[in-house]
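Novice: After the structure tokens below, expect a handful of questions from me.
No value in this document is a laboratory result; all are computed from the given coordinates. Note that the structure is a prediction, hence the values are computed from the model and not measured. Because the Cβ atoms are built from the backbone with ideal geometry, glycine has one as well, and the counts that use them run over all protein chains shown.
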Amino acid sequence: MRKDGYGWVLSGLLLALALWGAQALAHSDEYFDSKPAPHGGRVRMAGPLHLEVLATESELRLYVTDHLEQPLPTLGGRAMLRVAGTERSVSLAPAGENLFSARLDESLPGDAEWVVFVEMKDTPAQSARYAPPKTLPSAPAGDPRHGHHH
């Protein structure tokens, strides 16, 4: 190591780059898909926001948190989900502390890509893509509805 201090600076820079790389990996789609979402939906990162989408047959919910998973207020914000490749879109309204929601007349196609657009009161507009899941959820092996193994 050099005695003029540059070795420490270089070591610090390398450590910062390694930590930044780990942080970037921690926010990848694969990372979010590998752990359960707080409300059972799917999470994506959009700029400074974490967006969790949860769709049932009759309702669409979008939860908004920061990078530390702290709720962000949706009052004064706007959100929309668009089904990619179609003309179908759903506008969501603020519906709670960190929630946007909308009633659905029909369920959203689970095999299509969704794009969510969010504009928060004090944050520039952001968007996130939700590709169709690679695998569909299935019943656990011990569940009698699972049937026999193939």
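Novice: Between Thr65 and Ser107, 0.36 nm times their residue separation minus their Cα-Cα distance comes to what?
Specialist: 12.6 nm
Novice: What's the extension gain from Thr56 to Asp33 if we count 0.36 nm per residue and subtract their Cα-Cα distance?
Specialist: 6.4 nm
Novice: Given the peptides 44-56, 101-113, arrange them by the average over their residues of other C-beta atoms within 10 Å, most packed first.
Specialist: So the order, starting with the most tightly packed, is 44-56, 101-113.
Novice: Evaluate the Kirkwood expression for the hydrodynamic radius of region 65-138, namely the inverse of the mean inverse distance over all pairs of different C-alpha atoms, and round to one decimal in Å.
Specialist: About 13.6 Å, per the Kirkwood formula over Cα pairs.
Novice: Under the rule a/c < 1.5 gives rounded, and otherwise a/b versus b/c splits prolate from oblate, where does region 40-98 land using the Cα gyration tensor?
Specialist: Here region 40-98 falls in the prolate category.
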